[in-house]
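Only one structure is covered here, and it is reproduced in the block below.
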Amino acid sequence: MESPARSLPDTIAAVATAPGRGGIGVIRVSGAALVPMARALTGKTPEPRIAGFVRFLDAEARAIDEGLLLYFPAPNSFTGEDVLELQGHGGPVVMQMLLARCVELGARLAEPGEFSRRGFLNGKMDLAQAEAVADLIEASTVAAARSALRSLSGAFSDETHRITDALIDLRMLVEATLDFPEEEVEFLEKARALERLDGIRHQLVDVLERARQGALLRTGMNVVLVGRPNVGKSSLLNCLAGEERAIVTEIPGTTRDALRETIAIEGIPIHVIDTAGLRETDDPVEKIGVERTWREIGRADVILRMVDARTGAGESDDAIDAALPAGVERITVHNKIDLCGIAPGRSEADGKVSVHLSAQRGEGVDVLRAELLRVAGWHAHGEDVVLARERHLVALRAALGHVVAAQDQSAALELFAEELRQAQERIGEITGEFAADDLLGVIFSRFCIGK
């Protein structure tokens with residue numbers, strides 16, 4: 001059998017499918033001049049972009065597995081380099097044997113996100129699109145997946161590029177004007193510079209709002225149910241989830257540990273955490289559950305303080321409320337209204353919101369869902385929400401700040417031009433036009449291996 005040519009350094013390989021057993025498993029290889037490796041693996045010369053049925057061979061030409069080989073020559077591949085995809089049977093042992101053979105032929109194991117990073121560095125995608133790859137994989141709701149796909153297709157990048165182009169045009173105008181100081185005011189007025197800058201500000205405000213909504217789609221929010229034992233926390237979790245996820249009994253203290261369930265409201269992932277009832281107890285297991293409840297409370301975005309509608313909030317409920325961390329949004333949920341004839345609905349007094357419902361019958365639960373959307377700050381934007389990350393929001397807010405500062409500095413053109421330059425740089429961070437290597441390392445290290 002033909003001996004493979006020595007692979008160039010920096011050829012990478014990884015299992016691209018999820019761990020475990022499956023009908024199909026895929027190994028991805030990326031590097032330069034991979035045809036010799038393909039011949040060594042299969043004994044055949046691959047045809048570009050044509051799936052060929054092959055046997056994957058070890059160093060002694062014994063079959064490891066059989067399946068499909070795909071070859072994508074550079075630059076027409078995901079990474080912009082030569083790419084091989086080995087599609088075999090999805091058993092972990094077979095996959096590891098094939099991966100070991102690729103390493104034997106000169107590849108090294110890929111780092112997390114290294115394929116996507118190479119695609120970015122080789123100009124196949126910008127940084128926002130690369131991040132959208134990971135977001136699409138991790139999407140926990142249909143709305144989040146659709147939004148991630150729009151970002152992957154370049155919708156978010158296109159919007160930031162339009163803002164960048166507008167900033168560049170305005171910068172060129174202002175910097176050209178600096179060369180003719182005697183004509184500054186008249187020249188800028190004729191060019192409607194401040195009007196154009198105000199248009200850029202409106203664009204940034206709009207994109208920032210939709211990106212903030214997209215960040216909600218991506219991360220959702222943590223909603224923690226707290227209260228005394230037997231007030232219906234587990235029943236509410238089951239009602240929101242639409243299935244019996246938590247054990248419900250008349251015995252107080254049934255829930256001993258935090259139970260998590262992710263639900264979708266208007267596409268937003270809501271991570272609902274049912275916790276152990278808060279009370280003094282000598283039961284060592286229940287004590288651990290109470291300690292874990294307080295840990296979950298510390299990570300909450302919203303706290304649903306549940307009380308029994310038949311008795312209202314008593315001293316123990318008030319004590320729980322007083323111990324909750326300040327600054328965290330909370331809603332008091334009066335449960336079991338079906339047992340005392342209270343109508344479902346929402347009320348507010350002294351800025352504190354209460355919702356009356358029956359978790360057992362589902363009455364008033366829609367009111368609670370609407371209240372959670374209000375707390376999250378969700379506004380329906382149709383199909384134009386972009387799935388943003390926190391760093392995108394930081395960059396957009398900073399760019400907006402520089403644009404506002406430029407409006408305030410319009411009489412001092414040097415400062416005006418500098419604010420425009422900084423706004424452009426901050427926008428460029430989103431797509432990677434201005435990106436430090438350490439930032440790239442942090443971003444791609446959070447990807448899964450094989451992407």
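Evaluate the stretch 119-132: report whether one residue or more is among the polar types (S, T, N, Q), in a helix (DSSP H, G or I) and in contact with a Leu (Cβ under 7 Å, 6 or more places away or on another chain).
yes
Among the candidates Gly43, Gly20, Gly88, which residue alone is loosely packed, with under 15 Cβ neighbours inside 10 Å and at pLDDT 90 or above?
The match here is Gly43.
Of all residues in the stretch 71-85 being hydrophobic (A, V, I, L, M, F, W, C) and modelled with pLDDT of 95 or more, which is nearest to Gly119 (Cα to Cα)?
Val83
Of the residues Arg305, Arg292, only one is farther than 18 Å from Leu236 by Cβ, surrounded by 14 or more Cβ atoms within 10 Å (Cβ to Cβ) and among the charged types (D, E, K, R); which? Lay out the reasoning, then the answer.
Working: Arg305 fails: farther than 18 Å from Leu236 by Cβ.
None of the others qualify; the one that does is Arg292.
State whether the residues of the stretch 396-410 include one that is closer than 30 Å to Phe115 by Cβ and modelled with pLDDT under 85.
Checking the stretch 396-410: not a single residue is closer than 30 Å to Phe115 by Cβ and modelled with pLDDT under 85.
Just for strands (runs of 3 or more DSSP E) wholly inside the stretch 311-420: which have at least 2 residues that are crowded, with 21+ Cβ neighbours inside 10 Å, in contact with a helix residue (DSSP H, G or I) (Cβ under 8 Å, 6 or more places away or on another chain) and in contact (Cβ under 8 Å) with a residue 60 or more places away in the chain?
Counting at least 2 such residues, we get 329-335.
Of the numbered conditions (1) of a type outside the set (Asp, Glu); (2) touching a residue at least 60 places away in the same chain (Cβ under 8 Å); (3) at negative phi, Ala61 satisfies every one except a single condition; which is it?
(3)
When the residues of the stretch 23-40 are filtered to those that are among the small types (Gly, Ala, Ser) and surrounded by 12 or more Cβ atoms within 10 Å (Cβ to Cβ), which remaining residue is farthest from Leu105 (Cα to Cα)? It would help to see each step written out before you state the result.
At the first step, the residues of the stretch 23-40 found to be among the small types (Gly, Ala, Ser) are 23, 25, 30-33, 38, 40.
Subsequent filtering for residues that are surrounded by 12 or more Cβ atoms within 10 Å (Cβ to Cβ) retains 25, 30-33, 38, 40.
Numbers: Gly25: 20, Ser30: 13, Gly31: 12, Ala32: 13, Ala33: 13, Ala38: 10, Ala40: 8 Å.
Taking the candidates together, the pick is Gly25.
Determine which member of the set Glu209, Glu195 is under 30 Å from Arg299 (Cα atoms), charged (D, E, K, R), outside any loop (DSSP other than H, G, I, E, B) and not assigned by TED's automatic domain parsing to the domain that holds His334.
Result of the check over Glu209, Glu195: Glu209.
Given the structure, is Arg162 in a helix (DSSP H, G or I) and not assigned by TED's automatic domain parsing to the domain that holds Ala395? Write out each step before concluding.
Details: in a helix (DSSP H, G or I): yes; not assigned by TED's automatic domain parsing to the domain that holds Ala395: no.
No; evaluated as a whole, the condition is false for this residue.
Going by the structure shown, is Val29 touching a Leu at 6+ places or on another chain (Cβ under 9 Å) and modelled with pLDDT of 95 or more?
yes
Can you tell me which residue among His202, His161 is at pLDDT 80 or above, under 18 Å from Arg397 (Cα atoms) and crowded, with 17+ Cβ neighbours inside 10 Å?
Details: His202 fails: crowded, with 17+ Cβ neighbours inside 10 Å.
Sole residue among the options that is at pLDDT 80 or above, under 18 Å from Arg397 (Cα atoms) and crowded, with 17+ Cβ neighbours inside 10 Å: His161.
Gln87 - would you say it is assigned to a strand (DSSP E or B) and among the polar types (S, T, N, Q)? Let's see the steps before the verdict.
Working: assigned to a strand (DSSP E or B): yes; among the polar types (S, T, N, Q): yes.
Answer is yes for this residue.
Can you pull out every residue in the stretch 47-75 that is in a loop (DSSP other than H, G, I, E, B), in contact with a strand residue (DSSP E or B) (Cβ under 8 Å, 6 or more places away or on another chain) and over 20 Å from Ile24 (Cα atoms)?
Residues satisfying the conditions are Glu47, Pro73, Ala74.
The values are calculated or read from the model by the stated rules, or taken from the named source; none is laboratory data. It should be emphasised that the depicted structure is a prediction, and the values quoted were computed from it without experimental measurement. All Cβ positions, even for glycine, are placed from backbone atoms using ideal geometry, and neighbour counts span all protein chains on display.
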